[in-house]
Amino acid sequence: RLLSRHELLTSVVLSNMSAVARAMLHRFVAMQLEGEATATQSVSLLWESSEHWYEAADASRAILLLRRCGLHLIGIGMPQEAILVLNRADALATEPSEKYSIGADRARALLRSERPSDAVGVLKTLLSLKSSLHPSPPRLDEVGLMYLQASWESGGSLSEIDNRHLDALRESATLPQDRAEA
């Protein structure tokens, strides 16, 4: 490993590099950090690796690592931190399918952190995004079920919740286990 002990020297070297050389350096650092993060389950290394992947012009890899980091944080009981990480992933995402998947993760983190009203806002956005996805997921997929839960937990009217989703329960595309969970 090459370490520069002087911040000014590092800054000058990086500013004089070509864009291609800088991207290659970021890619190398990202690979090293990702390997260490995988071995140690370090959230901070995953975050740093994702930032370097983004600087190396590989946003999809950065998003993948941020989602992995967010899901890990949810799994170890740190949903507030997961929300911050997933917000960064959402900011990098450009494809509707990426936004939908990341949004579902964000809603899951919001529900785990007992913020159902905030989850409803995220989920409403996702429900409107569904029409742009191909193939379009059923209305009562995981996002639809989380919307039911978040609406209920945030004090939504039971009749309004029921009326909005009764048709979805009757759709042939709705899986039996999703009907039972709803």
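Coordinate-derived values only; no laboratory data. Everything numeric in this text was worked out from a predicted model, so none of it was measured. Ideal geometry is used to build each Cβ from the backbone, glycine not excepted, and the neighbour counts take in all protein chains shown.
Values as computed for the structure displayed
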quantity: C-alpha long axis of helix 116-129 to longest principal axis of the chain, angle in °; calculated: 90
quantity: For the range 61-131: rounded, prolate or oblate by the Cα gyration tensor [a/c cutoff 1.5]; calculated: oblate
quantity: Trypsin sites (Lys or Arg not before Pro) within the range 1-76: DSSP coil, no more than 11 neighbouring Cβ in 10 Å; calculated: Arg1, Arg5
quantity: Extent along principal axes [Cα atoms of the chain; Å; largest to smallest]; calculated: 65, 32, 25
quantity: Local electrostatic count, Ser101, Cβ distance below 13 Å [Lys/Arg +1, Asp/Glu -1]; calculated: 0
quantity: Distance between modelled label sites at Ser18 and Glu95, nm, 7 Å Cα→Cβ extension; calculated: 3.0
quantity: Label-point gap, in nm, between Ser157 and Ser11 - each point 7 angstrom along Cα→Cβ; calculated: 6.0
quantity: The chain: angle of helix 7-16 to the longest principal axis, Cα-based, in degrees nearest 10; calculated: 80
quantity: Gain upon complete extension [Ser117, Leu129; 0.36 nm per residue less C-alpha separation]; calculated: 2.4 nm
quantity: The range 1-50 - Debye-derived log10 I(q)/I(0), Cα point model, q = 0.14, 0.16, 0.31 Å⁻¹; calculated: -0.43, -0.55, -1.05
